[in-house]
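Okay, structure first, notes after.
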Amino acid sequence: MEQHPIPRQITSFEFKLIGFMTLKQFLYLVIFAPLGYIMYFIFPIPFLNVLVGIATAALGVALAFVPINDRPLDIWIKNAWKRLNSPTQYTYHKNNSPVALFQNLYFVSDPHVSLAHIESQQMLKAYLEKTKQVAQPNERKQQLQQAFHAVQTGAVSGGVQAQVKVLQELSKPVTPDKPAGQTVQAPANTDYKPYFVGSIKNNKRIPLPGILIYVKDQTGTPVRLLKTNQHGVFATFNPLPPGEYFFEVKDPKDSYFFDTMKLAIQNATTQPIDIFSKELL
C-alpha cells in the first residue's frame, strides 16, 4: 500500500488550483504585477518610477510566496495593523448606582411624603440630642468596682480572711443620699458577715478558680450553687436552715475530682471550709 505524508498545517491547508500556486497566490501575482507596471508609468521621475514599479511587483511576490514562521506575509501585516490600532491603556469608569439601603430615602409615589419623612427624622434626632440625660458619677459604685477589681487581680493579701473582709465591704447596702429637708436614719447594723466561706485547692495547695460547689439538702435538692473566684475562694451571705448538707464539688473542665462532703451547718458562722482535690499526681 502506497504511503502518503499528512500535512502538518491541516487547518490552513489550501489546494493548489493553478499549477503549483493556490488561488490566493495567483490573485496576488495577477493584481500586483500589473499594478507595478502602472506605477512605472505614473511616476514621471526617472529611476524612481523603476524602483516604485519593482517594489510594487516584489510586494505581490512576497505576499504570495514568502512565509515567516510558517505564516504568510499577509497575516503578519494584518496582525501588525490590528496591534497598532488597538488601545494599549484602559481606564476604569465606575458607573454603579448607589445602594438604596445606605441612602436616606423613602420611596413613595408622592414626593411631599418623602420630604416629610426626612424632616421628621431630623426633628426626632434633634429632640433626642436635646433631651439626652448624662449619668452622674457614683462614688460608691466606683469604690465597689475598685474593691472587686482588687480581689480579682490578687491585690488583696492575707489569705481567705482578707478576701472575706473585702466581700463584706462589697455586700454592705448603699445608703441613699439625704434629701433636702429630711433626715435619713442609717440602719442599726450594716456589718454583714458571710454565712460560710471556704476555699478549694489541689493536692499541691494551689487555689483552683472556676470550681462549682453544689450545696444540697438531705433530699438531694440543690439549695445553693457557688463558684470559686480567681483565688479559689467561695462564700455565701444568705443563711441556711441549721442541718446537714452535702457539698458536691465539680470542675467544669474535668481536670480535678473531689469527694462529696457532708457538713453540719449551724446558726453561727463556722470556720473557713478547705476542700482539696483527690488526684494522685
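The values are calculated or read from the model by the stated rules, or taken from the named source; none is laboratory data. Since this is a predicted model, take the numbers as computed values, not measurements. A quick note on method: Cβ atoms are made from the backbone with ideal geometry, for glycine too, and the neighbour counts reach across all protein chains shown.
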>> Please pick out the residue among F237, F258 that is aromatic (F, W, Y) and over 21 Å from F276 (Cα atoms).
In response: F237
>> Among the residues of the range 8-26, are any small (G, A, S) and at pLDDT 85 or above?
In response: no
>> Just checking, does the range 259-272 include any residue being in contact (Cβ under 8 Å) with a residue 24 or more places away in the chain and within 42 Å of the chain's Cα centre (by Cα)?
In response: no
> Which one of these does P176 not meet: (1) at pLDDT 80 or above; (2) loosely packed, with under 11 Cβ neighbours inside 10 Å; (3) more than 20 Å from T260 (Cα to Cα)?
Replying inline: (1)
> Does I31 satisfy the condition of being surrounded by fewer than 16 Cβ atoms within 10 Å (Cβ to Cβ), in contact (Cβ under 8 Å) with a residue 24 or more places away in the chain and among the aliphatic types (A, V, I, L, M)?
Replying inline: yes
> Among the residues of the range 206-241 satisfying the criterion of being in contact (Cβ under 8 Å) with a residue 40 or more places away in the chain and out of contact with any Ser or Thr (no Cβ under 9 Å at 6 or more places or on another chain), which is surrounded by the most Cβ atoms within 10 Å (Cβ to Cβ)?
Replying inline: A235
> T56 versus (1) in a helix (DSSP H, G or I); (2) at pLDDT below 80: which is the lone unmet condition?
Replying inline: (2)
> Counting just the residues of the range 211-234 that are touching a Leu at 6+ places or on another chain (Cβ under 8 Å) and not in a strand (DSSP E or B), which one comes out nearest to E279 (Cα to Cα)?
Replying inline: G232
>> Condition first: of a type in the set (F, W, Y) and free of Cβ contacts under 8 Å to residues at least 24 places away in the same chain. Now tell me which residues in the range 65-91 satisfy that.
In response: W76, W81, Y90
